[in-house]
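Engineer: Sharing a structure below in structure tokens format, with a few things to ask.
The values are calculated or read from the model by the stated rules, or taken from the named source; none is laboratory data. Note that the coordinates shown come from a computational prediction; the quantities given were computed from them, not determined experimentally. Here the Cβ is made from the backbone with ideal geometry for all residues, glycine too, and neighbour counts use every protein chain on show.
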Amino acid sequence: LVDLGPDTIRDYADSAEGITTLTDRTCWGASTAGDSACFKATEAKKTAVDYTVFSRGWADLGNYASDRKGVPLTPGKAYTITLDLAATDHVVPAGHRLALIVAGTDKDLIDPPTDKPTLTLDLPHTSVDVPLVGGAAAFARATSGKSSAIPEATTLKGVRDPSAAHRVPGDGWPPIG
């Protein structure tokens, strides 16, 4: 789930996930022989972006019917898939838009299929349930009034792509030890 609109956020794609450890320390209570009550201060490394991804979810289409047994999809047959996103708390600033982005595979994290299957989304029968503070009345207030024009398509700036991840199962998996 994506917040479309300019913001300054913690650069989570940075090698330290956007957290800089400072030299100053703060102490919270008394230390013991095995546990210091003092911690180094930190600050966020920030970056300006045009959008913020604030929740993600994955669907295992090979296990659409059961988590215990894979069942292949039949070409041409319609399936209803429920995709749960990670729970999060996010305030969408006035003037921003929400977008649900559906993508292919995490090819850098898992072994993708050898063939390149094509999936079609039935957008008229697609729905999203987003819990809102204040419920339906808050949504009605937020979406009432003059509607704005659809913005012109442009390339948006987000955080840079994260560094390469280790594939699962991939080479060297599982570790033998």
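Engineer: Take residue 86 and tell me if it is at pLDDT 90 or above, closer than 30 Å to residue 118 by Cβ and surrounded by 10 or more Cβ atoms within 10 Å (Cβ to Cβ).
Structural biologist: Taking the combined requirement at face value, the residue satisfies it.
Engineer: Also, quick follow-up: Taking the criterion of being aromatic (Phe, Trp, Tyr), more than 23 Å from residue 120 (Cα to Cα), under 18 Å from the mean Cα position of the chain (by Cα) and surrounded by 11 or more Cβ atoms within 10 Å (Cβ to Cβ), would at least one residue in segment 27-48 satisfy it?
Structural biologist: No, segment 27-48 has no match at all.
Engineer: Something else: Residue 112: without any contact (Cβ under 8 Å) to a residue 60 or more places away in the chain, surrounded by 10 or more Cβ atoms within 10 Å (Cβ to Cβ) and either in a loop (DSSP other than H, G, I, E, B) or touching a strand residue (DSSP E or B) at 6+ places or on another chain (Cβ under 9 Å) (or both), yes or no?
Structural biologist: Against the criterion (without any contact (Cβ under 8 Å) to a residue 60 or more places away in the chain, surrounded by 10 or more Cβ atoms within 10 Å (Cβ to Cβ) and either in a loop (DSSP other than H, G, I, E, B) or touching a strand residue (DSSP E or B) at 6+ places or on another chain (Cβ under 9 Å) (or both)), residue 112 qualifies.
Engineer: Take residue 103 and tell me if it is under 27 Å from residue 152 (Cβ atoms), among the small types (Gly, Ala, Ser) and at pLDDT below 90.
Structural biologist: So residue 103 fits the description; yes.
Engineer: Here is a list: 79, 64. Which entry is hydroxyl-bearing (Ser, Thr, Tyr), over 18 Å from residue 159 (Cα atoms), surrounded by 14 or more Cβ atoms within 10 Å (Cβ to Cβ) and out of contact with any Gly (no Cβ under 8 Å at 6 or more places or on another chain)?
Structural biologist: Among 79, 64, only 64 is hydroxyl-bearing (Ser, Thr, Tyr), over 18 Å from residue 159 (Cα atoms), surrounded by 14 or more Cβ atoms within 10 Å (Cβ to Cβ) and out of contact with any Gly (no Cβ under 8 Å at 6 or more places or on another chain).
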